[in-house]
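First up is the structure itself, then whatever we jot down about it.
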Amino acid sequence: MKPALPEDAVAYGESARGRLERLGGVEFGLRAEADRELRKDAGAALADLGMLELDVRDDLDQFLAAAALCRVAGALCVPWPVVEDLVRTDGQWLALIDPAGPRVDHGDLHGEWVGAALDGAAYRLVIGALPHPAKLGPFLVPATLGEPAEQVSADDVARHLVLGAWRILGGLEAALGQVVEHVKARKQFGQALAQFQVVRFGIADASVALRGLDELARFTAWRLHAAEPAQRSADAVALRLHAVDAARAVLRTCHQMLGAIGFCDEHDVSVIDRHLQPLLREPCSGESLALRLVPAVRSGAFETLFS
Amino acid sequence: MDYDLGADADALRQRLRDLIHAHVPADFLGACTDDPADLELCNAFCRTLAEQGLLCLAWPEEYGGGGGDVWHQTIVREEMWAHHEPRGPQYMGVNWVGPALMRHGTDAQRAKHLPPIAAGEVIWCQGFSEPEAGSDLASLRTRAVADGDGWVVTGQKVWTSYALMAQWCVLATCTDPDAPSDRRITLFLVRMDSPGIEVRPIPSMLGPHHLNEVFIDGLRVSREDVLGEVGAGWTVMRDALAYERVGIARYARCESLMQRLLEVLDDDGRWEALAPALHARWVRALVDLRVARLLAYRAVGDSSGVDPAAAAVARIVTTTCDQNVAEVLVDAAGPDALDAGADALLHGAIDDHWRYAQAATVASGTIEVQRMLVSRSVLGSSR
Ligand SMILES: Cc1cc2nc3c(=O)[nH]c(=O)nc-3n(C[C@H](O)[C@H](O)[C@H](O)COP(=O)(O)OP(=O)(O)OC[C@H]3O[C@@H](n4cnc5c(N)ncnc54)[C@H](O)[C@@H]3O)c2cc1C
């Protein structure tokens, strides 16, 4: 039993953070909304970090390095579809979609997309015109289904869901980190907000939620390399569901504790929240993810101490 | 990175389940009932566990333990709690009284008290809380006044679980009312049948034995009865509470009950017919339980001992899961949910779980106290 991340993955995450902070960090992500061409610089920085050599289908160590990269990408709002790029096949990026209305984050960055539903049914995607600029998910682009493509493996769907959860985790950690600094520094009624018990308890609950998500994210990454196929799929859905639920609670706390400043474009929490939205809504809602797990509960594929 | 509990983990789990199956009837709901046979069953089961080296599996061998590691201990905790704690009140002796004696006791105290705990022959209770000292435990006022070469204790304890079943008590007293909290409290190891101790049970929705009052009037204690240093009781108590906080594997009972109810509902076709909203709650509860388990592993796996913030995180999640699962079980069970007794659904375990879960966020330190510990670790102390 060794729940700690291996040192290599930690070190890789730290060097990725350094490189992507030099690129401009969250502010770079914000600028890319106005100047979408800037995203190519993010792609170049990720290539410098060896993203293209990471094989997420190989062993746990490689997968954890990829997870660390996704976590940093979430924290710094890196304007690049890191997960979709990491789970590419033959140069084609993989998006998880709702076939009833496919949308692809950063769909306009690349010509070759495969879209897969959660059951693995896959299509080539025809990327549509850029939509009206949106605040939520500013890089989402609509697409239509093209030719059917080869079925995407359940494991690739699972990897996608899990790496997306790591990206969510990174975004939430960064947001809460900002809020912790804020409540320590901001004074009202003659004292730091961090002195008010209601504020302290809100922070406590949010950090409990994040510590839980962090544990589950590591455990699930390990399970993808240790469990049976049906279990791997169920575990991935469970992690993503938990990430989506945690995000709702944590981001709400973050906004509330920042007061008005947190809604401003210039504040990281606003950018993090807006940029995470596609991961929280696509390819389906948390409720749909929960219902997908019901058969796995009955069959025992979602394992408990007594299943 | 590896989440495997070790090569012998599955075998240990199976061995414990086989033992429970052989010695504990299916309708057993714990020692805290009106039927004294349930306590007798627990005491006999503890002796069986002790004979097989399983009662104090994770204690060092020199104290009569099995020399197992924290993961063995974790598996024991999970399996026992999942099966309605067939050790009865003795889990307290194993989980925290014994370890506190090992750390803070004298050689004579260890020689006197550890063997009976390891043999499954003694029940301890915890006399900490008082009518005026709940969350603010350090303000307790039961007075121990120096008298000759010992002390005379007078005061009152409350909520003392198992006080009528116990032979011994770790009694927290105030030896110096004017000292700061880390120098005013002294712990004594006292026999419950000593002159000057009177126990009155408190009827409650939790069932019998969980809550009692203990009146102490002129109880004589001596230097040999002091656990730790005179005035240093608070340190021992903080230690004890940290162990206690990860002590109960509530998530394991929840997972067991959910599986048992799932099987019953599935057998009569009711599982598929549950409302989608209830299915979704069920799924989320199971995911939360997995998180609770992982956080508990994190808290006990920290080699530097139990980190109070990590233990608090684990407890916040586990206790809220316990209450959420209680609601999910009752809602999924439908009209039968409130039936009690051996003939009820799951032999009354759903009703039993719901009632006991209400206290999860109060017993062993409230969830608010846990939030204080977590926020202190994130934000620093408050003024
Ligand atoms: C089933 C059960 C078994 C128990 N067994 C034992 C036992 O064996 N031995 C023993 O010694 N004790 C035992 N207890 C007592 C238990 O430790 C106390 O109930 C607990 O510490 C809370 O104290 P209290 O009940 O006096 O509540 P209080 O401390 O009065 O708290 C009431 C409410 O106020 C909140 N509150 C208090 N202070 C603050 C604050 N500063 N900020 C915010 N909120 C606050 C609390 O969190 C709680 O919500 C048991 C309790 C239960 C329910």
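The values are calculated or read from the model by the stated rules, or taken from the named source; none is laboratory data. Keep in mind it's a predicted model, so treat the numbers as computed, not measured. Ideal geometry is used to build each Cβ from the backbone, glycine not excepted, and the neighbour counts take in all protein chains shown.
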Identify all residues within the range B:338-377 that are without any contact (Cβ under 8 Å) to a residue 24 or more places away in the chain, more than 16 Å from the ligand (Cβ to nearest atom) and surrounded by fewer than 19 Cβ atoms within 10 Å (Cβ to Cβ); write none if there are none.
-> B:338, B:339, B:340, B:341, B:343, B:344
Which numbered condition residue A:275 misses (of (1) crowded, with 21+ Cβ neighbours inside 10 Å; (2) under 14 Å from the mean Cα position of the chain (by Cα); (3) within 13 Å of another protein chain (Cβ to nearest Cβ); (4) not acidic (Asp, Glu)) | (3)
Within the range B:211-235, the residues that are in a helix (DSSP H, G or I) and crowded, with 23+ Cβ neighbours inside 10 Å are B:233
Subset of the range B:106-120 [within 20 Å of residue B:89 (Cβ to Cβ) and either of a type in the set (Lys, Arg) or crowded, with 20+ Cβ neighbours inside 10 Å (or both)] | B:112, B:113, B:114, B:117, B:118, B:120
Please give the strands (runs of 3 or more DSSP E) falling wholly within the range A:103-154 in which 3 or more residues are surrounded by fewer than 15 Cβ atoms within 10 Å (Cβ to Cβ), outside the structural domain of residue A:251 (by TED's automatic domain parsing) and touching a residue at least 24 places away in the same chain (Cβ under 8 Å).
-> A:140-149
Residue match in the range A:285-294 (condition: touching a Lys or Arg at 6+ places or on another chain (Cβ under 8 Å), outside any helix (DSSP H, G or I) and buried (at least 19 other Cβ atoms within 10 Å of the Cβ)) = no
Do the conditions hold for residue B:107, that is, is it more than 10 Å from the ligand (Cβ to nearest atom), away from chain A (no Cβ under 14 Å) and farther than 30 Å from residue B:52 by Cα?
-> no
Would a scan of the range A:188-195 turn up a residue that is free of Cβ contacts under 8 Å to residues at least 24 places away in the same chain, out of contact with any Gly (no Cβ under 6 Å at 6 or more places or on another chain) and closer than 30 Å to residue A:229 by Cβ?
-> no
What's the number of the condition residue B:258 fails, among (1) in contact (Cβ under 8 Å) with a residue 60 or more places away in the chain; (2) facing chain A (nearest Cβ under 9 Å); (3) of a type in the set (A, V, I, L, M); (4) farther than 30 Å from residue B:73 by Cβ?
-> (4)
Looking at this structure, is residue A:146 touching a strand residue (DSSP E or B) at 6+ places or on another chain (Cβ under 7 Å) and either at pLDDT 95 or above or facing another protein chain (nearest Cβ under 10 Å) (or both)?
-> yes
What number of residues within the range B:109-150 satisfy the criterion of being in a strand (DSSP E or B) and closer than 18 Å to residue B:214 by Cα?
-> 8
Only one of these is within 13 Å of chain A (Cβ to nearest Cβ), within 17 Å of residue B:254 (Cβ to Cβ), away from the ligand (no atom under 16 Å from the Cβ) and among the hydrophobic types (A, V, I, L, M, F, W, C): B:314, B:310. Name it.
-> B:314
Within the range B:135-161, can you find the residues that are within 9 Å of the ligand (Cβ to nearest atom), surrounded by fewer than 22 Cβ atoms within 10 Å (Cβ to Cβ) and either over 24 Å from the mean Cα position of the chain (by Cα) or in contact (Cβ under 8 Å) with a residue 24 or more places away in the chain (or both)?
-> B:135, B:137, B:158, B:161
Determine which member of the set B:182, B:176 is away from the ligand (no atom under 16 Å from the Cβ), out of contact with any Leu (no Cβ under 9 Å at 6 or more places or on another chain) and in a helix (DSSP H, G or I).
-> B:182
All but one of (1) away from chain B (no Cβ under 14 Å); (2) under 21 Å from residue A:200 (Cα atoms); (3) surrounded by fewer than 23 Cβ atoms within 10 Å (Cβ to Cβ) hold for residue A:249, so report the exception by its number.
-> (1)
Identify, from the list A:225, A:160, A:182, the residue that is over 23 Å from the mean Cα position of the chain (by Cα) and not hydrophobic (A, V, I, L, M, F, W, C).
-> A:182
Scan the range A:186-230 for residues that are charged (D, E, K, R) and under 18 Å from residue A:5 (Cα atoms) and jot them down.
-> A:211, A:214, A:215, A:218, A:223
